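Only one structure is covered here, and it is reproduced in the block below.
The values are calculated or read from the model by the stated rules, or taken from the named source; none is laboratory data. Keep in mind that what you see is a predicted model, and the values were worked out from it rather than measured. Reconstructed Cβ throughout: ideal geometry from the backbone, glycine too, with neighbour counts over all protein chains shown.
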Amino acid sequence: MSFKFFDKLSQDFSELLSDKKEYNVVIEIDKEENKKSFNAHSVVLRYRSSYFDKELENATTNENHIKTIIKPNISAQIFEIILKYIYGGIVNIEDTDTKTIYELMFNANELELKELSVKLENYLIESKAYWLKTHFSLVYRSIFNSNEFKGLKKFYNDIIVKYPNLIFESEDFISLQETALVSILERDDLNVEEIKIWDYIINWGIAQNPTLPADSKEWTKGNFKALKITLQQCLPLIRYFHIPVEVIWKKMKPYKKIFEEQLWDDIIQHSISPNEPITSLILPARIIFNPELPSALKLSSRENEPFSVIIKNDHVAELSSWIYRKSTISLANIPYEFQLILRGSRDGFHPKTFWNMCNGHAGTIVVAKVAGTDEIVGGYNPLAWDNLKSEWTKGNFKALKITLQQCLPLIRYFHIPVEVIWKKMKPYKKIFEEQLWDDIIQHSISPNEPITSLILPARIIFNPELPSALKLSSRENEPFSVIIKNDHVAELSSWIYRKSTISLANIPYEFQLILRGSRDGFHPKTFWNMCNGHAGTIVVAKVAGTDEIVGGYNPLAWDNLKSGWMKTNDSFIFSLKNGNIRNSILSRVRDDGALYYRSLADQDIYGPEFGCSEFYMKSDASDFTQDKQCSCCYADNADDQYEQPIRTTDDEFSISDYEVFKIIKKQIPIR
């Protein structure tokens, strides 16, 4: 038999926090006027937290044998709770507001106190569900920055699969983390038609590549490749084999190049001959619940969620009497159940949210609280809300018909595909003459049958194969460069051509602008997406706050799918004379290890990289102008890949702008 005295043990260890004699660690918390120091003991911290164990290994010791750890991102209030937990195993959150508990959970996870983090996570789900729902955006996006919080992720995804508009129709959907998006797409019970999911995913992927041309018809192979890479985790989760063939052809065919060839062939084959065997995996169709009988929509029965934040029980009795057409109804005899469908403070105030969430529901009451008053107003609709029905009156259609009376006869209706007619023109059927509409429908079904209406000839549409808008170097009113000048071009050309000097009149190359940071953005991935496939390029960068211009020449093709050392004997790095920088510096590659290409995982941080730190562009903030992490190593070592350093300091820097030019040989002789 054993006796356990945990309470006394916890109490004794908690008293250690007040010990001013034996402590050997100082932890500085918060910043500026809220900054506070806590004394602690390394032996306790090491055994209670693997995070502090690692921090103490790296912390320096002062002359009094005290180690200091700095944590500016945790508030003193929260850290005091954490420290009491570390020493005594007790956390009292009885009078703590929910937002602080939420932040405490995050900080506990950061300090690798998993027991505490999981306990708080479960507490929030079980006891603070209403708060989690009303702070949906704040919490949902932050939990996917970590591999932890599986309970919260499931909690939110269980809501999202039933009410997908919370994510897909939100204004900031395109900024959703990839891990969050993938976790939603993995669900078999996501309550969205598959083709809509496809639309959402494509729009999200395009938003992650802001340099893509607005019209997909102008996309290059590199553009499609960039989108394919962005969506590589999402594309396998689409249920392609449950999408109608006409929709596939209309909405997915323009993006055929982002599919693996076998998968695309299988999609087409299955749509034509669904009983024939195919190679690709067929995921099950998603489970779509019937919005007319939405047992999952009984929000009023959700744990800890109030019936209403606007009306009370006596209001329910009064409203019921009006619906039932009875003078009064007592609270004990209310004949109706009021099921909550939508609440603005929880689900959002966008008008489209109303139509999405109330669509299909008949017999509903809308109640609204007038801001700044005690007024409650509303209305009862016995009909079903229908977000596909038009709210236009006959007068509205008549007004539009009169406005367009000179235009409507000039549309070439009989050259429009039937599915487009039904989708885009049928809602406006009332602006057509009855005979014309009948003829349009008949011709779409039986094109060889005679009709009464005049058939205008099809329009002549030319197909521009080489859109001039893609010739970036010739964009109207765009300067050749915002960093270098013509004499720099002559100097750079001489280095490429390996000639001592070249005059401005005899420059043998055209410098074609591919990328400019101030125009296209400073995200490292923008570099890899826009320069991918381009060979023979010069990168020039303006060092922020100085006159320095640094850069490098890469005769090879940039490739955002390759990683590792790239070998060439023709690369060089340089700094250019400019302002108070009196002389240019040319540094050629010594042997062959000229460039280092980063893997996809690192392309959110690293841009071009020449040699072993002799010149590279980097940003943990994914913005080269922000965090001073670009570098040109000054040390002149025998192991360096390039002949000499191009700066006189090892200080890291940000850039104010950068450009990448493709070097194209002119068809002229060199004199």
Filter pass, residue 92 being modelled with pLDDT of 90 or more, in contact with a helix residue (DSSP H, G or I) (Cβ under 9 Å, 6 or more places away or on another chain) and either assigned by TED's automatic domain parsing to the domain that holds residue 133 or surrounded by fewer than 18 Cβ atoms within 10 Å (Cβ to Cβ) (or both)
no
Going through 204, 249, 198 one at a time, which residue ends up being over 20 Å from the mean Cα position of the chain (by Cα) and of a type in the set (Phe, Trp, Tyr)?
249
Name the single residue, out of those in the range 562-581 being in a strand (DSSP E or B) and more than 15 Å from residue 552 (Cα to Cα), that is nearest to the chain's Cα centre (by Cα).
564
Under 7 Å by Cβ, and 6 or more places apart or on different chains, what pairs join a residue from the range 506-525 that is part of a strand (DSSP E or B) with one that is small (Gly, Ala, Ser)?
509/493; 512/473; 513/473
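To keep it simple, each residue is scored yes or no on (1) closer than 22 Å to residue 527 by Cα; (2) not aliphatic (A, V, I, L, M).
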{"position": "167", "(1), (2)": "no, no"}
{"position": "191", "(1), (2)": "no, yes"}
{"position": "209", "(1), (2)": "yes, yes"}
{"position": "220", "(1), (2)": "yes, yes"}
{"position": "224", "(1), (2)": "yes, yes"}
{"position": "251", "(1), (2)": "no, yes"}
{"position": "256", "(1), (2)": "no, yes"}
{"position": "265", "(1), (2)": "no, yes"}
Could you say whether any residue in the range 524-543 is at pLDDT 90 or above, over 29 Å from the mean Cα position of the chain (by Cα) and at positive phi?
yes
Please specify each residue of the range 62-119 satisfying the condition of being aliphatic (A, V, I, L, M), under 20 Å from residue 47 (Cα atoms), assigned to a loop (DSSP other than H, G, I, E, B) and within 33 Å of the chain's Cα centre (by Cα).
111, 113
Across the range 236-252, what is the total count of residues that are at pLDDT below 90 and not in a helix (DSSP H, G or I)?
2
For residue 194, indicate whether it is in contact with a His (Cβ under 9 Å, 6 or more places away or on another chain) and modelled with pLDDT of 85 or more.
yes
Would you check which residues across the range 224-235 are touching a residue at least 40 places away in the same chain (Cβ under 8 Å) and assigned to a helix (DSSP H, G or I) and list them?
225, 226, 229
Over the range 155-212, the set of residues part of a loop (DSSP other than H, G, I, E, B), aliphatic (A, V, I, L, M) and in contact (Cβ under 8 Å) with a residue 40 or more places away in the chain is 190, 192
Give the range 343-373 a look and list any residue that's under 17 Å from residue 168 (Cα atoms) and aliphatic (A, V, I, L, M), or say none.
357
